[in-house]
Amino acid sequence: MQLFFEPVRDRKQAVSLVDQTVEAIELAIRQGLLRPGMPVPSIRQFAKSHGLSTFTVSAAYSRLVAGNLLTARPGSGYRVARTARNEAPVVAPASWVPPRIGASWLLADIFADHSIPIKSGCGWLPAEWLNEAGLQQSLKQVARTPVNQVAGYGHPYGYHPLREYIQLRLDQHGLPLSSDEILLTQGASQGLDIVIRTLLRPGDVIAVEQPCYANFLQLLRQAGLKVLSVPRDGNGLCLDTLDRLARQHNIKAMFVNTVLQNPTGTSLGMSNAFRLLQLAEQYDFRVIEDDVSRDLMPGLGPMLVALAGTGRVVYVSGFSKSIMPSMRVGYVVANATLLKEFAKTKMAMGLTSPEMMERMVHQVLSQGRHRAHLQRVQERLRQAHDELGLLMDKHGFEVLDRPQAGLFLWARPGGGQWREQGASRLAELALKDGIWLAPGSYFDPEQADTGWIRFNVAYSLHPALWRFMRKAGAAA
């Protein structure tokens, strides 16, 4: 077994073990000890020969895959990427022209742009973290479906067995439902769009979190709604602000991420959730609960629809975070009367949702492997949070909260660095180095740049990212 390095375990005198592993393999590639196409030891073998945990090696290999230095293929393990060269790794070719970042790029173009090596600002899990075996098995099962069972448009509410599965899962959270109170959609984003189109009209006043989900802000602008901001921090929503706004305006709805919020990663506490629902009752507005990240949370967190019921809360969720980003299956939960109206809007927008995709999601969920897969993902995310937190501390970043779960960490350079120039300027410079950052202005209803940045913990451990941060900090 080839020994790549001798780990230094004194945290005061060395970088993290993940960083050491990444740097050792990068060095072996530059020196020609590992050549393009060569296999590298399995995660278990590498961990055993170097006295490391498999989680440490797995995190290091994931970063090397993200940096295009290793490739991973089922059944053949990890290999040095064919594009890896025996010299200092180049993040982006000299002829590469970085895209112009902005709201339109974030909303659409980024999903087609595969030229950026380090995607610290993205909103999804790495491909190598997905349950590939389970997805392939599900695809095979769906492919065996007789054509006459899927030849039509499908039911307006969506594939019934999947709605039944969701019904049982929500019942475990204390929300008894019938399957006729669940509407399947093409992702949670379409679910939010359906809710907005059905319940609201141009000029209506709504409240949103500040910061909040960036693409959702585009929906609100297109709908012509008047948007009021309610600050959110590590303790939850500033409900005194919501109370004041509700006294001054006829708020129709409040949109909120309950747990593992995008972009801050924070979760509402139970007392914060209860008071939010009390204000909704007092001022008679609906709460629209966007809960797409709950499957990534290892513990418990408040679920507003379970606390208040479907008379006050409309619940929206989906499977892109926990199964696969391209698995565009979401759902809306509401009382039966309102759900009929949502179904009419859905049909007017684009008829039924794709039943083949819904069948595949149902197969993934019903195989019996998905819970174990989620536990592995949750553990990898927890470790990534630990590693990234150490890097943030080492580089003097201010971190809003440390959730130790979910995809996101909300932080900004400390010590006044970049406060005047802003995170948007930092993101422009990072993009020239092949690094995608997501500045806080994307997530602010007023597009204010306060220096905050959304970091996807699974993509933010690459040494090149932190080399850039040190260089940018020295120049600030």
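Every number in this text was worked out from the coordinates using simple rules, so none of it is lab data. Quantities reported herein were computed from a predicted structural model and do not represent experimental measurements. Here the Cβ positions follow ideal geometry from the backbone for every residue, glycine too, while neighbour counts run over all protein chains shown.
Once you reduce the stretch 155-170 and the stretch 14-54 to the center of their Cα atoms, the two points are 45 Å from each other. Sorting the segments 202-213, 229-240 by their mean number of nearby beta carbons within 10 angstrom, highest to lowest, gives 202-213, 229-240. In a simple Cβ point-charge model (Lys, Arg +1; Asp, Glu -1; nothing else charged), the stretch 297-411 has a dipole of about 420 debye relative to its Cα centre. Taking the average, over residues, of other Cβ atoms within 10 Å as the packing measure, peptides 126-139, 184-197 rank 184-197, 126-139 from highest down.
Cα centroid separation, the stretch 177-216 to the stretch 297-330: 12 Å. Taking each DSSP H run with n ≥ 4 as -39500 (n - 2.57) and averaging over every residue of the chain yields -12500 deg cm²/dmol at 222 nm. Of the chymotrypsin sites (Phe, Trp or Tyr not before Pro) found in the stretch 363-423, none is in coil by DSSP with at most 10 other Cβ atoms within 10 Å of its Cβ.
Across the options MET357, VAL292, LEU260, the greatest Cα extent toward the positive end of the charge dipole of the chain (unit charges at beta carbon of Lys, Arg, Asp, Glu) belongs to MET357.
In this label model, GLN222 and ASN235 are separated by 3.7 nm, measuring between points 7 Å along each Cα→Cβ vector.
Using the Cβ-Cβ distance between GLN278 and ARG244 with R0 set to 25 Å, the FRET efficiency from 1/(1 + (r/R0)^6) comes to roughly 0.95.
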